[in-house]
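Everything below concerns the one structure shown next.
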Amino acid sequence: MSNFIKKIFFVSSFILVTMSACNPPEPIYVLDEAPLIPLPSSVVTSDVVMPLDVIRSVRTIGADERLNPITQNFISFWKKHTQQELLYAVDATDSNGAITFEIDKGFSSDQEAYKLVIASNEITVKGKSIEGVFRGLKTLEQLVVLSKLQGESQFLSLPGGEITDQPTYGYRGAMLDVARHFFSVADVKRYIDLLSIYKINFLHFHLSDDQGWRIEIKSWPKLTEIGGQTQVGGGEGGFYTQEDFKEIVKYAADRFITIIPEIDLPGHTNAALASYAELNCNDKATELYTGIEVGFSTLCVDKEVTYAFVDDVIREISEMSPGPYFHIGGDESHVTPEKDFNRFMDRTLAIVKKYNKIPMGWYELITAKIPEETLLQYWAKTEDFSKVIPKKSKILMSAASYNYLDMKYDSITPLGLSWAGYLPLKKAYDWDPKNLVPNLVPDQIIGLEAPLWTETIEDFDDIAVMAFPRIIGHAEIGWTNASQRKWEDYAHRLSFHGRLLEALEVKYHPATEIDWK
Ligand code: ACM
């Protein structure tokens, strides 16, 4: 640019900025009082105000092939909420009037850490990696949406200041049971979109159970031709083709959510046993099952064909799953004698390793010879199981009485079950994964996951009303340092998120514990 053009550019952007700044609408919040969830590590308010209409472009610093889709999604977000079309100015040097997405490898040791700076005429979102930039963008998006929903004026401004943030746990998960009831690709994508707002980074997919087999396995086609054809209550069920599954994996990855596939073994396998007679010890296929009992099925541990089956299933699914883990279930195998269970798991764990995945399983897996890296998912109530858990194992907290989203909120909740008790919002929020179970070594715990079992859950509204808002609290437990979390403060911030969910047409449980705004 010549000096003359530069000058004109500078003067005109100055005029633009000052015109907007002449009468900037007051922001709804100062930055450190914005009702963000999860609560960031550090928020410093400055005395500037940034009218949104000063922002004209996005520029990116640093290389990553995922910058482009993220930027395109952000431009759509901005257009939807501000009616303004942002220019995508790759490598532009002028930050004035721009949102800058910056990857700075030296910025932090945490992949997800970010810094968000809102100045009077520019915004910067910086991360060590693209993932950190993405988490920071989600904070910025929340600020825009919350401000817009609370504000009277269509002319928005954001409060100035600086947010520096990073997660407490590297694993902040949700689990969806698509076996008891099947959910479409569109439903799963919608759930992923909502989870990403709150910085959840793993979605565990419970793909098989007694009532249904939900993932196409090309070498065993009857699993879905027969085992995918029904669900709890006798509805028609369904399954994901491999193309569907890959589409979900990619959609999640674009939102920095890793899909973890689970094939529950050797129990919870009636759908497979109904599909292939040879997987049964008596060579007779079982009937399809549409009830909600557990613990009655098992693969035939003594047959070689069982291991050929397990190998094919783990191979085909692993090839489509870029994430580190393969979940092999292991829970409630009540009709598999313990020595058979252990023999079965020894061979299955070796198959998981052969396909370069880290094994993950429900905590019942501990009776087998588990490799040190195995991730154990704790789901019991709060009993002390520290004596039986190997001290070197990593643990994911999914305690039924605190994390299970299918537990009723209270005695009048129409959906859900209550075998682990009722789970109101305060109980779901006000606990610390490191203190829940006595005698665990705190460093063993890599995070938490909120399962949604779907015996009574039939459609997306059912998912939403059981997950929201409890999973928002779980997301904060996973992200925000325990010393910063206080129920009253959280309840106040959450009160602003009802409108956010309403704007997205998400049916949520309007718990009376919250004074909804
Ligand atoms: C489980 O709830 N059976 C893991």
Inset, instruction - Sticking with the crude label model, points 7 Å out along Cα→Cβ, report the distance from Thr512 to Glu304 in nm, one decimal please. - result: 6.5 nm
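Based on the alpha-carbon gyration tensor of the stretch 140-246, what equivalent-ellipsoid semi-axes (square roots of 5 times the eigenvalues) come out, in whole Å, largest first? Please list the in-between numbers first.
Working: eigenvalues 316, 52, 25 Å².
They are 40, 16, 11 Å, listed largest first.
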Legend entry - Relative pair counts by distance (%), Cα atoms of the stretch 306-395, 10 Å bins: 16, 50, 29, 5
Legend entry - Using alpha-carbon coordinates, inclination of helix 304-320 to the longest axis of the chain, degrees: 10 degrees
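Expected output is a single nm value to one decimal: the length gained when fully extending between Asn342 and Lys392, i.e. 0.36 nm times separation in residues minus the C-alpha distance. What is it?
Numbers: separation 50, 0.36 × 50 = 18.00 nm, distance 1.94 nm.
Value of the extension gain: 16.1 nm.
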Legend entry - Where only alpha carbons of the stretch 228-283 are counted, the Rg and the Dmax (Å): 14.9, 46
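For the stretch 407-517, report the % of Cα-Cα distances exceeding 17 Å.
Details: 3487 of 6105 pairs.
The proportion of pairs with Cα distances above 17 Å equals 57 percent.
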Inset, instruction - Could you bin all the Cα-Cα distances of the stretch 78-191 into 5 Å bins starting at 0 and give me the percent of pairs in each, rounded to whole numbers? - result: 2, 10, 15, 19, 17, 14, 12, 7, 3, 1, 0
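Say the cut-off is 30 Å between C-alpha atoms; which of Lys354/Lys392; Lys138/Lys507; Lys218/Lys284; Lys126/Lys427; Lys105/Lys426; Lys199/Lys486 go over it? Please list the in-between numbers first.
On the way: Lys354/Lys392 22 Å; Lys138/Lys507 21 Å; Lys218/Lys284 22 Å; Lys126/Lys427 35 Å; Lys105/Lys426 38 Å; Lys199/Lys486 19 Å.
Over 30 Å Cα-Cα: Lys126/Lys427; Lys105/Lys426.
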Legend entry - Top positive-direction residue, dipole computed over the chain with Cβ charges, set Ile358, Leu36, Gln377: Leu36
Inset, instruction - Among the lysines, select those whose C-alpha is under 18 Å from the C-alpha of Lys391, and discard any that sit fewer than 8 residues away in the same chain. - result: Lys369, Lys434
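Using a 10 Å cut-off on Cβ atoms, rank the peptides 48-61, 312-325, 469-482 from the highest mean neighbour count down. Before the final figure, lay out each step's value.
Numbers: 48-61: 20.4, 312-325: 18.3, 469-482: 23.4.
Listed from highest to lowest mean packing, they are 469-482, 48-61, 312-325.
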Inset, instruction - Would you mind checking the tilt of helix 242-253 against the longest principal axis of the Cα atoms of the chain, expressed as 0 to 90 degrees and rounded to 10? - result: 40 degrees
Legend entry - On Cα atoms only, tilt of 338-354 relative to the major axis of the chain in degrees: 50 degrees
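Can you give the accessible area per residue of the stretch 256-305, in Å², using a 1.4 Å probe? Walk me through the numbers on the way to the answer.
On the way: 1860 Å² over 50 residues.
Per residue, the stretch 256-305 has 37 Å² of solvent-accessible surface.
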Inset, instruction - Could you tell me what fraction of 2.2 N^0.38 Å the Cα radius of gyration of the stretch 24-118 comes to, as a two-decimal ratio? - result: 1.17
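What number does the stretch 312-455 give for Rg over Rh if you use C-alpha atoms and the Kirkwood radius?
Working: Rg = 16.2 Å, Rh = 16.4 Å.
Expressed as Rg/Rh, it is 0.99.
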Legend entry - Burial ranking of peptide ranges 299-305, 118-124, 172-178 (average Cβ count within 10 Å, highest at the top): 172-178, 118-124, 299-305
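Tell me, what % of the accessible area of the stretch 261-317 is carbon and sulfur with a 1.4 angstrom probe? Walk me through the numbers on the way to the answer.
Numbers: 1050 of 2000 Å².
Heavy-atom surface of the stretch 261-317 belonging to carbon and sulfur, 1.4 Å probe: 52 percent.
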Inset, instruction - Take the alpha carbon atoms of the stretch 445-517, find their center, do the same for the stretch 99-173, and report the distance between the two centers in whole angstrom. - result: 21 Å
Inset, instruction - Just the number, please: Stokes-Einstein D of the stretch 251-333 in µm²/s, Kirkwood Rh from C-alpha pairs, 37 °C, 0.692 mPa s. - result: 234 µm²/s
Legend entry - Bridge type composition, the chain - antiparallel percent by DSSP, nearest 5: 30 percent
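Can you give the direction-averaged projected area of the convex hull of the alpha-carbon atoms in the stretch 59-99, in nm²?
Details: hull surface 11.3 nm².
Averaged projected hull area, Cα only: 2.8 nm².
Assuming R0 = 22 Å, can you tell me the calculated FRET efficiency for the pair Arg499 and Lys79, based on Cβ-Cβ distance, to the nearest 0.05? Numbers along the way, then the final one.
Numbers: r = 21 Å, r/R0 = 0.94.
Given R0 = 22 Å and the Cβ-Cβ separation, E is 0.60.
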Legend entry - Translational D in µm²/s for the chain (Stokes-Einstein at 37 °C, 0.692 mPa s, Kirkwood Rh from C-alpha pairs): 135 µm²/s
Inset, instruction - Under a cut-off of 13 Å between alpha-carbon atoms, report the aspartates and glutamates in cross-link reach of Lys79, not counting same-chain residues fewer than 8 places apart. - result: Asp53, Glu141
Inset, instruction - May I ask for the net charge around Val43, where only other residues with Cβ less than 13 Å from the Cβ of Val43 are counted and Lys, Arg are +1 while Asp, Glu are -1? - result: -3
Inset, instruction - Identify, among Thr224, Gly212, Thr241, the residue whose Cα sits farthest towards the positive end of the charge dipole of the stretch 212-334, taking +1 on the Cβ of Lys and Arg and -1 on the Cβ of Asp and Glu, with the dipole about the Cα centre. - result: Thr241
Legend entry - the chain, dipole about Cα centre (Lys/Arg Cβ +1, Asp/Glu Cβ -1), debye to the nearest 20: 1260 debye
Legend entry - Peptides 227-238, 505-516 ordered by average Cβ neighbours within 10 Å, highest first: 227-238, 505-516
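The values are calculated or read from the model by the stated rules, or taken from the named source; none is laboratory data. The structure displayed is predicted, hence computed values, not measured ones. Note: ideal-geometry Cβ built from the backbone for every residue, glycine included; neighbour counts use all protein chains shown. All accessible areas refer to the heavy atoms of the entire protein, side chains included, with ligands and DNA or RNA removed. Shrake-Rupley method; radii C 1.70, N 1.55, O 1.52, S 1.80 Å.
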